[in-house]
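A quick write-up on the structure given underneath.
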Amino acid sequence: MKIKENKGIALITVMVLLVIMTILGLAVLNLSTIQIRGGNAVRKAVESSISAGSGIFAVSGWMVKNRSAGVPKEIKIKSGEYETYISVLDPNAVLKLRGYSTKWRGMVVRVNSSSPNQANEIARIEGIVFVPVAPVGYGNEPR
């Protein structure tokens, strides 16, 4: 008689296990989706910071090569990747650089660079650059 009373228990057990496994599977799927979104946000923030840094390198490289703080607009803003602002802090700086036997004259310039990412967050980087103007003959003269 006990066999007839327990006849549907296997079906109920399988159904309960199926519901539990479905809930666990959905939870794992949800967690992996959240981690993928978080990873994309970090990647976008890093790309934005690298782009802002490239603005400082582009502008300071142009200033050193041309010995001038008059950077053209196309160098300051490159196709929406970065935007830089320049302010000359000391136009008559004199530095004795380590490893060189002569004093260098130049200007100390603050370069602020910013770059937006796709999430409209902006990475900002600031750099202080010494732009040598004299002496010539050390690889800093314009070509």
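Computed from the coordinates by the stated procedures, all read-outs in this text should not be read as laboratory data. Since the structure is predicted, the reported quantities are computational estimates derived from the model, not experimental observations. Every residue, glycine among them, receives a Cβ derived from its backbone with ideal geometry; neighbour counts consider all protein chains shown.
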Kindly put Arg98, Arg37, Arg110 in sequence by how many other C-beta atoms sit within 10 Å of each C-beta, fewest to most. Arg98, Arg37, Arg110
Rounded to 0.05, the calculated FRET efficiency for the beta carbons of Arg110 and Asn40 at R₀ = 25 Å is 0.15
Kindly list the residues of region 61-87 that lie in the label zone of Thr102, defined by a backbone N under 18 Å from the point 7 Å along the Cα-to-C-beta vector. 64-68
Once you put a point 7 Å from the Cα of Thr13 and another 7 Å from the Cα of Tyr85, both along the Cβ direction, what distance in nm separates them? 7.2 nm
